[in-house]
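FYI, it's all coordinate maths here, none of it is from the lab. The shown structure was predicted, so the numbers you read here are calculated from the model rather than taken from an experiment. Cβ: placed from backbone, ideal geometry, glycine included. Neighbour counts: every protein chain shown.
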C-alpha cells in the first residue's frame with residue numbers, strides 16, 4: 001500500500017503553490033537579485049572615471065602643455081581648460097562643472113629646467129571624501145609618470161611599494177558580488193520565511209493547521225524547505241553572473257562554498273523564524289525582517305565599511321550579523337582559495353548563531369492560541 | 001434520532017471549566033456532558049464565551065481551572081492524540097484562498113495522513129455531500145460564501161473524525177445555504193460522528209438533538225429543544241399589528257404583560273395571567289385599533305432563551 005505524502009512534504013508543496021500564486025514573493029525572489037546586481041554592477045561603481053578636471057595653466061609653455069597631455073591621456077580625467085581668473089574657481093565647484101582644479105604655476109617650465117621642486121596646486125571638491133582621496137591619488141600617479149620630472153622631494157633612503165593581492169586592479173565586482181550574495185541570501189531567507197508564517201497567523205489559517213496532528217518541527221521544516229531551495233538557486237544565479245559577467249575569479253572549492261552557503265541560509269532562516277514567533281502581522285514581520293537584515297548586512301558586516309572603522313558599539317553588534325561571517329567565507333573561497341580549516345572560525349560562529357536562534361524560535365513557537 | 005441518553009459514557013466531559021482573559025471572565029464554571037452520536041448546539045449571543053469554550057475543546061486555549069476530556073483524553077496533556085480524532089472548523093474561514101478546492105482537500109488529507117487507498121473514495125464522498133466537484137479546480141477565493149463553508153466542513157471531515165466541532169459555521173451565510181449546511185450536518189451525524197456546533201441563531205436550536213444556552217460565560221440551560229420549549233411558564237400569544245413598534249410599547253405598558261419580544265413581523269407577548277376575550281376587545285379600543293390579529297402559540301426555544309437571559313441579567 002502506498003503511504004501518504006509526509007506532512008513536511010505536504011506543507012512544503014503548499015508553500016511552493018503560495019509562492020507561485022503570489023506575484024509579490026516571486027518578484028522578491030527573482031527580480032530583486034537582478035535589480036541589485038544591475039545597481040551594484042553598473043550604477044554604484046566605486047571605480048572613479050571621467051572626473052571633470054579644470055586646468056589653469058599660468059605657464060603656457062610646451063612643458064606645461066606636455067603635463068596637460070598626460071592628464072588628457074588618462075581615462076580617469078576629463079580635462080577642460082579654464083581661463084577665467086582664479087577667483088572664479090568656487091563657482092566651478094558650485095555649478096558642478098569640475099570636481100577638481102589643477103593650477104600650473106607661471107614659473108613651471110623655468111623651475112623644471114633648473115631642476116628644483118615645482119609646486120602644483122590641486123583643489124578638490126571633497127563633498128564626496130572617498131572620491132576626493134582617489135582623485136588625489138590618481139593625480140599623484142600621473143604627475144609622477146611625467147618623464148624627467150622631479151616633483152617629489154629628493155628620494156628617501158627607502159621606498160614603500162604596495163602590491164595589492166587578490167584584487168590587484170581594485171575591481172569593485174570583487175567586492176560587491178560576495179556582498180550581494182550575502183545580502184540577498186539573508187533577505188530572501190529571513191524576510192520570506194517570517195512573512196510566510198505570520199501570514200498564516202494573520203489570515204487565521206494557522207488555527208486550522210494547529211488542530212491537526214502536525215508538530216511544530218513539521219510546520220517549521222515544511223515552511224523553510226522551499227525557501228532554502230529558492231535562496232540556494234538565487235545564490236547560484238548570482239555567483240554565475242558574478243563569475244561570467246563581472247569576471248570575478250573563483251579560485252576555491254565550489255562544494256565547500258555550497259556547503260557553507262547552506263549553513264548561512266539556515267542561519268538566516270532561523271532569524272526569520274525567530275522574527276515570525278514574535279510578530280503577529282505580515283506588515284510588522286516584513287519591517288522587522290528588513291531592519292534585521294538589510295542595513296546590518298550593508299553596514300555591519302564589512303560589506304561596505306571595514307568593521308574596524310566602526311564605533312565600538314557597532315563593532316559589538318556586528319558579531320551577531322550572520323553576513324559578517326559569510327563575507328569572510330565567500331571572499332576567502334572565491335578570491336583566496338581558502339579551505340575549510342582556514343574558515344573554521346566563521347563557520348563555527350554561524351553554527352552557534354543559528355543554534356541559538358533556532359532554540360529561541362522553537363521555544364517561542366506556540367501550538368496554541370494563548371497570548 | 002434522540003440523544004443517546006445519560007446511560008452511555010459521554011464523549012466530551014467538561015467539569016467546572018473556567019477561563020479568564022485579564023480582567024474578563026470568559027468562562028465561569030462550565031459543566032457539560034456530550035454523548036456519542038448527538039448534534040449538540042451551543043447557542044448564545046456574541047461574547048457569551050462560545051468561541052472560548054470551543055477553542056479549549058480544540059486544545060487551542062488552555063483552561064485556567066477545571067477538567068476537559070474528549071474520549072477520555074485530557075485537553076491539556078493529550079493534545080496530540082486529541083488533534084488526531086478531532087475535526088475543527090474555526091469561525092473565521094481558514095483555508096488557503098489561492099489553492100483550489102481539490103488542493104485544499106488534498107493538503108488536509110496529507111496533514112491527517114489519510115492513506116491514498118481510501119483518499120479518493122473519501123473525497124468523492126465529501127463531494128457528494130457538498131456538491132463541490134464541478135468546482136474542484138477553482139481557487140477557493142472564487143467560491144461563494146456557502147460553498148466556502150461547505151469546503152471548510154469537507155476539509156474538517158477529511159479524516160473521518162470521531163468528534164466534529166464547528167464554530168458558528170452558518171454565520172453570514174444565506175438562508176438557503178444554511179439549510180443545506182444543516183442537512184449535511186445531519187448526514188455527518190448519521191455517519192457516526194458526534195457534532196458540537198455553535199450558533200448565534202436561536203432558531204437553529206431545533207436542528208440539534210440537545211442545546212445549551214450560553215450567556216455571560218455560563219451555561220444557563222442544557223436540554224433537548226423540546227424540553228427547553230416546555231420550560232416556558234407563561235401563556236404566550238403571537239400578535240400582528242399595524243405598527244409593530246408602537247404596539248410593542250403599548251403591551252409593555254400593560255400590567256398583566258410579562259414580556260414582549262419582536263419576532264419577525266409580529267410580537268410574542270407573554271402574560272402573567274391568561275387573557276380572556278374581553279381583554280382583547282378592551283386592548284383593541286385602547287390601542288386605537290392597532291391590533292390586527294392574535295393567536296395563542298407554544299413557546300419556541302428562542303422565547304425560553306430570551307426569558308432566561310433576562311432572568312440572568
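Based only on other Cβ atoms within 10 Å, what is the fewest-to-most ordering of A:251, B:140?
Numbers: A:251 12, B:140 21.
Ranked by crowding around the Cβ, least crowded first: A:251, B:140.
For the range B:15-74 and the range A:103-119, what is the separation of their C-alpha centers, rounded to whole Å? When both Cα centres are located, 97 Å separates them. In terms of its Cα atoms, the protein assembly as shown spans 138, 70, 47 Å along the principal axes, sorted from long to short. Averaged over the residues of B:112-118, the number of partner chain Cβ atoms lying within 10 Å of the residue Cβ comes to 4. Each label point was placed 7 Å from the Cα along the Cα-to-Cβ direction; for residue B:252 and residue B:16 their separation is 4.2 nm. From the Cα gyration tensor of the range A:59-136, with a ≥ b ≥ c the square roots of its eigenvalues, which class applies: rounded if a/c is under 1.5, or else prolate if a/b is larger than b/c, or else oblate? Because a/c hits 1.5 or more and a/b exceeds b/c, the range A:59-136 counts as prolate. Helix B:145-157 and the longest principal axis of the C-alpha atoms of chain B enclose an angle of approximately 50°.
How much FRET efficiency would the formula 1/(1 + (r/R0)^6) give for residue B:98 and residue B:220, where r is the Cβ-Cβ distance and R0 is 51 Å, rounded to 0.05? Efficiency, from the Cβ-Cβ distance: 0.75. The base-10 log of I(q)/I(0) for chain B, evaluated at q = 0.06, 0.09, 0.15, 0.16 Å⁻¹, reads -0.26, -0.54, -1.16, -1.26 [Debye formula, identical scatterers on Cα atoms, solvent excluded]. Once the gyration tensor of the Cα atoms in chain A is diagonalised, the equivalent ellipsoid follows with semi-axes of 56, 21, 17 Å, ordered largest first. Modelled spin labels at residue B:46 and residue A:96, positioned 7 Å past Cα toward Cβ, are 5.7 nm from each other. Where in the range A:172-216 does the amide nitrogen come within less than 14 Å of the point 7 Å from the Cα of residue A:31, taken along Cα to Cβ? None, by backbone N distance to the label point.
Give me A:301, A:127, B:81 ranked fewest to most by other Cβ atoms within 10 Å of their Cβ, as a rough exposure proxy. Don't jump to the answer; show the numbers that get you there.
On the way: A:301 23, A:127 10, B:81 16.
Going from sparsest to densest Cβ surroundings: A:127, B:81, A:301.
Between residue A:137 and residue B:81, the modelled label-to-label distance comes to 7.2 nm, taking each label 7 Å out from Cα in the direction of the beta carbon.
Out of all DSSP beta bridges with both ends in the range A:51-145, state the antiparallel percent to the nearest 5.
Bridges in the range A:51-145 that DSSP calls antiparallel: roughly 30 percent.
On full extension, the segment bounded by residue A:304 and residue A:50 gains 89.2 nm, given 0.36 nm per residue less the C-alpha separation. For residue A:312 and residue A:366, the FRET efficiency from 1/(1 + (r/R0)^6), where r spans their Cβ atoms and R0 equals 41 Å, is about 0.65. Taking only Cα atoms and a 10 Å spring cutoff, compute GNM fluctuations for chain B and point out the largest among B:51, B:170, B:244. Of B:51, B:170, B:244, the most mobile in the Gaussian network model is B:244. Between 0 and 90 degrees, the angle of helix A:216-244 with respect to the longest Cα principal axis of chain A falls at about 30 degrees. Considering only DSSP beta bridges with both partners in the protein assembly as shown, what is the antiparallel share in %, to the nearest 5? The antiparallel fraction comes to roughly 60 percent. Please determine, in degrees from 0 to 90 and to the nearest 10, the orientation of helix A:7-21 with respect to the longest principal axis defined by the Cα atoms of chain A, where the helix direction is its Cα long axis. Relative to chain A, helix A:7-21 is tipped by roughly 50 degrees. Computed from the C-beta positions of residue A:344 and residue A:258 and an R0 of 22 Å, the FRET efficiency is 0.80 to the nearest 0.05.
Residues B:310, B:255, ranked from the fewest to the most other C-beta atoms within 10 Å, line up as B:255, B:310.
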